[in-house]
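**Q** I am attaching a structure below and will ask some questions about it afterwards.
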Amino acid sequence: LDEPAARDAFAELRGSLERHRLFEDQRVLPCLQAGQDITAEELARVTGDHQVIGDTLELLENLVEAIFCSAQPRRELVANLSRLGRLQGILEHHTERETRFVYPVLDQMPDREFINLLAEGLLDTSH
């Protein structure tokens with residue numbers, strides 16, 4: 001296993017997800033009015049997803065440490081593959097939720113200049 005590459009890849013993933021989450025929390029979600037644009041329950045789920053993603057990233061950071069501190073890193077990795085799959089599932093579910101409940105509302109907003117700025121901001125968070 002290439003420890004430096006794995007650590008760099010995880011740090012890049014974590015940074016990208018954190019930038020994206022913060023942008024949505026600070027710029028996108030405040031644009032939505034609970035009960036009007038989105039149900040309060042669905043807005044709470046989207047916000048809750050962000051917390052679950054953050055918690056899962058913490059678990060994965062601990063897993064990366066455990067793998068590379070182990071006397072048998074490959075065995076440790078194989079034993080914990082389901083944890084890696086969990087993050088993928090969480091991200092896919094969250095993306096589906098946003099695709100169904102958040103972004104269609106933004107697409108209908110009349111201030112196209114503002115929506116374009118939001119879209120550019122989201123693209124910038126992926127770097």
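**Q** Show the residue pairs that are 6+ apart or on different chains and have beta-carbon atoms under 6 Å apart, the first residue being within the stretch 100-119 and in contact (Cβ under 8 Å) with a residue 40 or more places away in the chain and closer than 12 Å to Asp37 by Cα, the second being of a type in the set (Val, Ile, Thr) and in a helix (DSSP H, G or I).
**A** Close Cβ pairs (under 6 Å, with a partner that is of a type in the set (Val, Ile, Thr) and in a helix (DSSP H, G or I)) amount to Leu106/Ile115; Met109/Ile115.
**Q** Checking Leu81 against (1) surrounded by fewer than 12 Cβ atoms within 10 Å (Cβ to Cβ); (2) aliphatic (A, V, I, L, M); (3) under 14 Å from the mean Cα position of the chain (by Cα), which test does it fail?
**A** Just one mismatch for Leu81, condition (3).
**Q** Quick one: which of Glu24, Glu65 is assigned to a helix (DSSP H, G or I), among the acidic types (Asp, Glu) and within 22 Å of Leu118 (Cβ to Cβ)?
**A** Values: Glu65 fails: within 22 Å of Leu118 (Cβ to Cβ).
Just one listed residue meets the conditions, Glu24.
**Q** Taking Leu32 as the residue in question, decide whether it is farther than 28 Å from Glu3 by Cβ and free of Cβ contacts under 8 Å to residues at least 12 places away in the same chain.
**A** Against the criterion (farther than 28 Å from Glu3 by Cβ and free of Cβ contacts under 8 Å to residues at least 12 places away in the same chain), Leu32 does not qualify.
**Q** Then there is this: Search the stretch 4-20 for residues that are more than 11 Å from Glu61 (Cα to Cα) and pair each with any residue that is of a type in the set (Gly, Ala, Ser) when their beta-carbon atoms are under 9 Å apart and the residues are at least 6 apart or on different chains.
**A** Close Cβ pairs satisfying both conditions: Ser16/Ser126; Leu17/Gly54; Glu18/Gly54; Arg19/Ser126; His20/Ser126.
Read-outs: derived from the displayed coordinates by stated rules, not from any lab. From a predicted model like this one, the values you see are computed outputs, not experimental measurements. Reconstructed Cβ throughout: ideal geometry from the backbone, glycine too, with neighbour counts over all protein chains shown.
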